[in-house]
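Undergrad: Supplied in structure tokens, the structure appears directly below.
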Amino acid sequence: MIQVEQLGKSFGAVEAITDVSFQARDQRITALLGPNGAGKSTTLRILSTVITADTGTASVGGFSVAEAPMAVRSEIGVLPHATGLYERLSARENIRYYGELH
């Protein structure tokens, strides 16, 4: 499960996210929806331990993203905006390919 409580992140004077809270339960599909600039990518970057939150807490699989980033990374897979996927392969083939590389 992913647990997010009152997450906040600023970049200088710009507040990217403020008081974001939600749960994403196991074996369910969860989507973050919002317009450009709403903080979706910032939230995902915090959850994937790429950046740290200024305020609040977040955990993935019971591991704190702030205190146990390597444990969190072992629990997740992330495909950022620049996908790096091969267009000639199907989604399943891409997953298989990258899984075998890992």
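Undergrad: As I understand it, the value is the acute angle between the Cα axis of helix 91-101 and the longest principal axis of the Cα atoms of the chain; what does it come to in degrees, rounded to 10?
TA: 90 degrees
Undergrad: Rounded to the nearest 500, what is the chain's calculated 222 nm mean residue ellipticity when only DSSP H runs of at least 4 contribute -39500 (n - 2.57) each, over all residues? Mind dumping the intermediate values first?
TA: Values: 3 runs with 26 residues, N = 102.
That calculation yields -7000 deg cm²/dmol at 222 nm.
Undergrad: Go through segment 8-78 and name the GluC sites (Glu not before Pro) that are in a DSSP coil and have 15 or fewer other Cβ atoms within 10 Å of their Cβ.
TA: E67
Undergrad: Another question, then. Per residue, how much accessible surface does the chain expose to a 1.4 Å probe? Answer in Å², no decimals.
TA: Result: 76 Å² of accessible area for each residue.
Undergrad: Roughly speaking, to the nearest percent, how much of the chain's 1.4 Å accessible area is carbon and sulfur?
TA: On the way: 4090 of 7700 Å².
So the carbon and sulfur contribution to the accessible surface is 53 percent.
Undergrad: A further question follows. Quick check for me: using +1 on Lys/Arg Cβ and -1 on Asp/Glu Cβ, what's the dipole size of the chain about its Cα centre, in debye to the nearest 20?
TA: Values: 9 positive and 10 negative charges, 61 e Å.
That gives a dipole near 300 debye.
Undergrad: What whole-number value in cubic angstrom gives the convex hull volume per residue for the C-alpha atoms of the chain? Don't skip to the answer; put the middle values down first.
TA: Details: hull volume 12.9 nm³, N = 102.
Convex hull of Cα atoms, per residue: 127 Å³.
Undergrad: Ranked from the most accessible area to the least, with a 1.4 Å probe and all protein chains present, what is the order of E93, E100?
TA: Most to least solvent-accessible, the answer reads E100, E93.
Undergrad: Putting +1 on Lys and Arg Cβ atoms and -1 on Asp and Glu Cβ atoms, find which of V60, S41, N94 reaches farthest to the positive end of the dipole of the chain.
TA: N94
Undergrad: Once you mark the trypsin sites (Lys or Arg not before Pro) that are in a DSSP loop and have at most 16 other Cβ atoms within 10 Å, what is the longest gap between them in the chain? Present the calculation step by step, with values, prior to reporting the outcome.
TA: Numbers: sites that count: R25, R28, R88.
After excluding every exposed loop site, the longest remaining stretch is 29-87.
The values are calculated or read from the model by the stated rules, or taken from the named source; none is laboratory data. Note that the structure is predicted; figures quoted are calculated from it, not measured. With ideal geometry, Cβ positions are generated from the backbone for all residues, glycine too; neighbour counts draw on all protein chains shown. Heads up: the accessible areas ignore ligands, DNA and RNA and are worked out on the full protein's heavy atoms, side chains in. Shrake-Rupley method; radii C 1.70, N 1.55, O 1.52, S 1.80 Å.
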